[in-house]
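Undergrad: Take a look at the following structure, please.
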Amino acid sequence: MRWYKNLYMGKKAKKRKRKIMRSIKNGKPFPGSYVVTLPENNKNSLDIYPSLILLQNYYKNKDYYIIGIGFGRSETLEVVQEIVMDCYNKTGQFLVEKMIQSA
């Protein structure tokens, strides 16, 4: 699991940043938190996962690049909106993966 150096955070998630990140890194649950990652396929712009799902064996073996964290689904959707708008404002396109990898 890799973390984006300029991690996008929701307001509630920012207050719990260290706890959420530590829990995810240590494979422990942090109910209510979600991660935003680069997509697993070319059809999506981003993927959203509840952090609890990352504890399952299938997800433990994957190498996710986490670029955002939200606490609660609605806050996570706001984080996704912020990422997409930043991408569009910086590049004029919605190619989030390209923007993140060039940063």
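The values are calculated or read from the model by the stated rules, or taken from the named source; none is laboratory data. Given the structure is predicted, the values throughout are model-derived calculations rather than measurements. Don't worry about glycine lacking a Cβ; one is built from the backbone with ideal geometry, like all the others, and counts go over all protein chains shown. Ligands, DNA and RNA are excluded from the accessible area calculation, which covers all protein heavy atoms including side chains. Shrake-Rupley method; radii C 1.70, N 1.55, O 1.52, S 1.80 Å.
Undergrad: With the condition kept exactly as written, say whether any residue in region 88-100 is under 18 Å from TRP3 (Cα atoms) and among the hydroxyl-bearing types (Ser, Thr, Tyr).
TA: Looking through region 88-100, none of the residues is under 18 Å from TRP3 (Cα atoms) and among the hydroxyl-bearing types (Ser, Thr, Tyr).
Undergrad: Additional query: Assess whether TYR34 counts as being in contact (Cβ under 8 Å) with a residue 40 or more places away in the chain and not basic (Lys, Arg).
TA: Values: in contact (Cβ under 8 Å) with a residue 40 or more places away in the chain: yes; not basic (Lys, Arg): yes.
Yes.
Undergrad: Looking at LYS98, LYS60 in this structure, which one is over 24 Å from LYS28 (Cβ atoms) and open to solvent by 90 Å² or more (accessible area, probe 1.4 Å)?
TA: Of the residues listed, the single one that is over 24 Å from LYS28 (Cβ atoms) and open to solvent by 90 Å² or more (accessible area, probe 1.4 Å) is LYS98.
Undergrad: Taking the condition of a type in the set (Phe, Trp, Tyr), out of contact with any Asp or Glu (no Cβ under 9 Å at 6 or more places or on another chain) and crowded, with 19+ Cβ neighbours inside 10 Å, does PHE71 pass?
TA: yes
Undergrad: Which residue is nearest to the chain's Cα centre (by Cα), if the candidates are limited to region 55-98 and must be part of a loop (DSSP other than H, G, I, E, B) and closer than 17 Å to PRO39 by Cβ? I'd like the intermediate steps shown before the answer.
TA: Applying the first criterion (part of a loop (DSSP other than H, G, I, E, B)) to region 55-98 yields 56, 61-64, 72, 92-95.
With the extra rule that they be closer than 17 Å to PRO39 by Cβ, the set shrinks to 62-64, 93-95.
On the way: LYS62: 14, ASP63: 13, TYR64: 9, GLN93: 20, PHE94: 16, LEU95: 16 Å.
Per the criteria, the residue is TYR64.
Undergrad: Report, by residue number, each residue of region 7-54 that is part of a helix (DSSP H, G or I), open to solvent by 30 Å² or more (accessible area, probe 1.4 Å) and out of contact with any Pro (no Cβ under 6 Å at 6 or more places or on another chain).
TA: Selection gives LYS11, LYS12, LYS14, LYS15, LYS17, ARG18, LYS19, MET21, ARG22, LYS25, ILE53.
Undergrad: Continuing with this model, one more query. Picking from GLY72, GLY68, which residue would you name as being at positive phi and at pLDDT 95 or above?
TA: GLY72
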